[in-house]
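Chemist: Quick one: the structure is below, and I'll ask about it shortly.
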Amino acid sequence: MSMLTPELLRDLVAEARLAPSVHNIQPTRWRGLPDGRLALVDDRSVRAPAADPSGHDVRVSHGAEHSQIHRKTRPRCGSLPPCATMRS
């Protein structure tokens, strides 16, 4: 499905992990799926309940990392990695 190689996907995920997250908690994990898509996984063990009781800041952090992986992909291969969203 994807013309991205596993090595390139690993590099892109490593770069996307550098995206800022609210409260610096880094709640996003990535998982490669058998069909070639990347899954954005919500690491529910990483939270700041006192500062973010509704989870809004966690969702903003996921969005920043998701945006980062798309921004890094286009210049390298001209297409976006297919993504899925999962909860841990």
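Here, each number is a calculation from the coordinates, and none is a lab measurement. Note that the structure is predicted; figures quoted are calculated from it, not measured. Cβ: placed from backbone, ideal geometry, glycine included. Neighbour counts: every protein chain shown.
Chemist: 5 Å is the cut-off here: which amide hydrogens, built 1.01 Å from N in the peptide plane, fall below it relative to W30, excluding neighbours closer than 5 in sequence?
Modeler: Here V41 satisfy the definition.
Chemist: Only counting other Cβ atoms within 10 Å, I'd like T28, T73 sorted with the fewest neighbours first.
Modeler: T73, T28
Chemist: Mind sorting H56, H62 by how few other Cβ atoms lie within 10 Å of their own Cβ, fewest first?
Modeler: H56, H62
Chemist: Each residue of the range 44-49 in turn: what ³J(HN,Hα) in whole Hz from Karplus with 6.51, -1.76, 1.60 and θ = phi - 60°, glycine and Pro shown as x?
Modeler: Karplus values, whole Hz, x for Gly and Pro: 6, 7, 10, 8, 10, x.
Chemist: I've got another one for you. Explain nothing, just compute: Karplus ³J(HN,Hα) = 6.51 cos²θ - 1.76 cosθ + 1.60, θ = phi - 60°, for every residue of the range 53-67 in order, whole Hz, x for Gly and Pro.
Modeler: Listing the rounded values in order: x, 8, x, 4, 5, 5, 5, 4, 5, 4, x, 5, 6, 4, 4 Hz.
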